[in-house]
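> The structure is given below, and queries will be raised subsequently.
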Amino acid sequence: MSDRFLLAQISDTHVRADDAGAAAQQLRRALDGARAYRADAIILTGDLVNDEGADEYAALAEALIDPPAPLFLLPGNHDERARLRAAFPAHAYLPRSGNLSFTVEDFPVRIVALDQIAPGETFGDFTPELAAWLDATLAATPDKPTIVALHHPPFPTHDLLFDTIGLKGAAEFADVIARHGQVVRIVCGHHHRVSVGQVAHAPVVIAPSTSWVYGLAVHEGQQIAPKTTEQPGWMLHAWTEAGGFASHFMGL
Ligand SMILES: [Fe+2]
């Protein structure tokens, strides 16, 4: 196995049934990019659909037929676990019930995907149960470089809206990450704009949405979460054993 690992991260696709296929088309363009770059794996970090609808999951499944690399799905606050699971019966890594956290052991970098959605809520919740799961899961393989994926940013973005709908329990999340030095990257979505932060020793990258980019509001009076004309996209996280990760924005 090559010691290079290329992970395509596609986030906040918000596939819907009433947009004449526009969001699904953006998703397919991102998949075309992953194919062109010969990504080793693809992870979708939540808000796969826009309104939890079964018809939206059907459109999503159609868009994801024949992906160019092994494909992994993580829910966001716009997703519904049971419908997601039902729409992708062949995705054996997804737990059969309950929380949809999982690990992927097939690549030179281990993927630990954390489902921290709070059903019915816009914010995320890193609960004590998830903290125990993440701590034990990371402790089980301490020597392999690991990327942790989740939906909600686990650091303050300083955006007036998104910090109110971020990850509850972020301090506890940082406490867990701090105990596991093999976590070399954390990736998430939710904010629909590229941002870089840090949790303990690990850099954190927020991926853009493939569908639209939100503006930033850091001062009172600035518009909250306007849809901008900035370029949507996806991320290509390239890793080698000698060089570690570089995370590239790939515009659509
Ligand atoms: Fe989203």
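> Just order 116-123, 207-214, 180-187 by mean Cβ neighbour count inside 10 Å, highest at the front, would you?
Packing order, densest peptide first, comes out as 207-214, 180-187, 116-123.
> What's the magnitude of the charge dipole for segment 120-188 around its Cα centre, counting Lys and Arg as +1 and Asp and Glu as -1 at the beta-carbon? Answer in Debye, nearest 20.
I would put it at about 280 debye.
> What FRET efficiency comes out for A58 versus A171 if R0 is 51 angstrom and r is the Cβ-Cβ distance? Round to the nearest 0.05.
0.85
> Rounded to the nearest 0.05, what FRET efficiency do A92 and Q222 give with R0 = 51 Å and r taken as the Cβ-Cβ distance? Could you check?
According to the calculation, E is roughly 0.65.
> Lys and Arg at +1, Asp and Glu at -1: add these up for the other residues within a Cβ distance under 14 Å of L84 and post the number.
Once all neighbours under 14 Å are counted, the net charge is -4.
> Given the peptides 88-101, 30-43, arrange them by the average over their residues of other C-beta atoms within 10 Å, most packed first.
So the order, starting with the most tightly packed, is 30-43, 88-101.
> Give me the distance between the Cα centres of segment 119-159 and segment 192-206, rounded to whole Å.
Their Cα centres are 13 Å away from one another.
> Using per-residue counts of other Cβ atoms within 10 Å, averaged over each peptide, order 81-87, 189-195, 239-245 from highest down.
Going by the mean number of other Cβ atoms within 10 Å, highest first, we get 189-195, 81-87, 239-245.
> Label-point separation (nm) for A242 and N99, each offset 7 Å from Cα along Cα-to-Cβ?
Taking the simple label geometry, A242 and N99 are separated by 4.0 nm.
> Averaging over all projection directions, find the projected area of the Cα convex hull of segment 1-115 and quote it in nm² with one decimal place.
Mean projected area for segment 1-115: 6.6 nm², to one decimal.
> Would you please give the FRET efficiency between T141 and A20, computed as 1/(1 + (r/R0)^6) with r the Cβ-Cβ distance and R0 = 51 Å, to the nearest 0.05?
0.70
> Between segment 208-225 and segment 11-28, how far is it from one alpha carbon centroid to the other, in angstrom?
20
> Moving on to the next point. Short version: ³J(HN,Hα) in whole Hz for each residue of segment 179-191, in order, from phi by Karplus 6.51 cos²θ - 1.76 cosθ + 1.60 (θ = phi - 60°), x for Gly and Pro, what are they?
Using θ = phi - 60°, the values come out as 7, 10, x, 6, 6, 9, 7, 10, 10, 8, x, 6, 7 Hz.
> Ok, one more. Treating the beta-carbon of each Lys and Arg as +1 and of each Asp and Glu as -1, no other charges, what is the dipole magnitude of the chain about its Cα centre, to the nearest 20 debye?
560
> In units of 2.2 N^0.38 Å, what is the alpha-carbon radius of gyration of the chain?
0.93
> Each residue of segment 29-37 in turn: what ³J(HN,Hα) in whole Hz from Karplus with 6.51, -1.76, 1.60 and θ = phi - 60°, glycine and Pro shown as x?
Result, ordered by residue: 5, 5, 5, 4, x, 4, 5, 4, 8 Hz.
> Using 7 Å Cα-to-Cβ label points, what is the A131/T164 separation (nm, one decimal)?
Using points 7 Å along Cα→Cβ, the separation is 2.6 nm.
Here, each number is a calculation from the coordinates, and none is a lab measurement. No experiment lies behind these values; they were computed from the predicted model shown. FYI the Cβ positions are ideal-geometry reconstructions off the backbone, even for glycines, and counts take in every protein chain you see.
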